[in-house]
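Trainee: To start, I am sharing the structure in question, which I have written as structure tokens.
The values are calculated or read from the model by the stated rules, or taken from the named source; none is laboratory data. Predicted model, so just to flag it, every value in this text is computed and none were measured. Every residue, glycine as well, gets a Cβ built from its backbone with ideal geometry; the counts of neighbours run over all protein chains shown. Accessible surface is based on the protein model in full, side chains and every heavy atom, while ligands, DNA and RNA are left aside. Shrake-Rupley method; radii C 1.70, N 1.55, O 1.52, S 1.80 Å.
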Amino acid sequence: MREIQVTINGRVYRELVEPRMLLSDFIREKCGLTGTHVGCEHGVCGACTVMLNDSAVRGCLIFAVQADGQELLTVEGLSENGEMNDLQKNFSECHGLQCGFCTAGILMSTTDYLNKNPNPSQKEVKEMLSGHLCRCTGYDGIVKAIEKTIEDNQKKVLQRG
Ligand code: FES
Ligand code: FES
């Protein structure tokens with residue numbers, strides 16, 4: 001066992017882990033943050049996506065010990081003052097989710113993507129989503145929610161002048 005310290009959504013977690021423990025299992029089982037889901041456990045479905053030091057990563061492809069001393073953002077950290085952020089609200093309004101299993105991972109990838117590429121085309125949004133499997137929605141509502149978020153972000157920038 002090895003002790004690691006990881007900051008998740010601004011809170012410090014210090015835990016003993018086995019070196020083989022996956023980051024996704026650490027987040028869920030040691031830290032109790034079950035918003036991050038685990039599907040395929042081999043990097044295909046995207047359900048376990050979280051942000052590690054400002055970049056989206058697959059939690060199932062990283063060992064928890066590799067995140068020692070690092071900062072993580074999970075879906076629980078997206079809300080602002082206890083309310084869903086704009087991206088989350090748009091997923092709700094545009095029917096971007098049904099069962100919700102894929103949703104946390106898609107929200108985290110989209111957050112990272114829009115931080116780095118604030119005005120993508122629809123084709124680029126779809127390419128980004130190709131790293132995520134959703135069995136329910138057919139992706140249309142997800143694309144609409146992301147496009148509405150891009151519009152909302154642009155309006156905010158214009159308002160700020
Ligand atoms: Fe990690 Fe599927 S559980 S990509
Ligand atoms: Fe069910 Fe995407 S909403 S898998």
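Trainee: Can you list residues whose amide H is under 5 Å from Leu22's amide H, if they're 5+ apart or on another chain and H is modeled 1.01 Å from N?
Mentor: Ala64
Trainee: Once the whole set of protein chains is in place, how much accessible area is left on Phe26, using a 1.4 Å probe, in Å² to the nearest 10?
Mentor: Accessible area of Phe26: about 0 Å².
Trainee: Determine one quarter of the surface area of the Cα convex hull of the chain, which equals its mean projected area, and express it in nm² to one decimal.
Mentor: Value for the chain: 9.5 nm².
Trainee: Still on this structure, please answer the following. Can you pull out the trypsin sites (Lys or Arg not before Pro) in segment 101-148 whose DSSP state is coil and whose Cβ has at most 15 other Cβ atoms within 10 Å?
Mentor: Sparse-neighbourhood loop trypsin sites (Lys or Arg not before Pro): Arg135.
Trainee: Still on this model: Under 22 Å Cα to Cα from Lys148, which lysines show up? Leave out anything in the same chain fewer than 8 places away.
Mentor: Qualifying lysines at Cα under 22 Å: Lys89, Lys116, Lys123, Lys126, Lys156.
Trainee: If you count only protein heavy atoms and use a 1.4 Å probe, how large is the accessible surface of Cys45, to the nearest 10 Å²?
Mentor: The accessible area comes out at roughly 20 Å².
Trainee: How would Arg11, Arg160, Arg28 rank on accessible area, largest to smallest, probe 1.4 Å?
Mentor: Largest to smallest exposure gives the sequence Arg160, Arg11, Arg28.
Trainee: Keeping all protein chains in place, calculate the accessible area per residue for segment 29-115 (probe 1.4 angstrom), answer in Å².
Mentor: 46
Trainee: Now a separate question. Express in whole angstrom the spacing between the alpha-carbon centres of segment 1-64 and segment 122-161.
Mentor: Segment 1-64 and segment 122-161 have Cα centres separated by 25 Å.
Trainee: Related question: Do you know the relative contact order of segment 68-161, to the nearest whole percent, from alpha carbon pairs under 8 angstrom that are 6+ apart?
Mentor: 38
Trainee: Also, quick follow-up: Measure off 7 Å from each Cα along the Cα-to-Cβ vector at Gln159 and Val44, then give the distance between these two points in nanometres to one decimal.
Mentor: So the two model labels end up 4.3 nm from each other.
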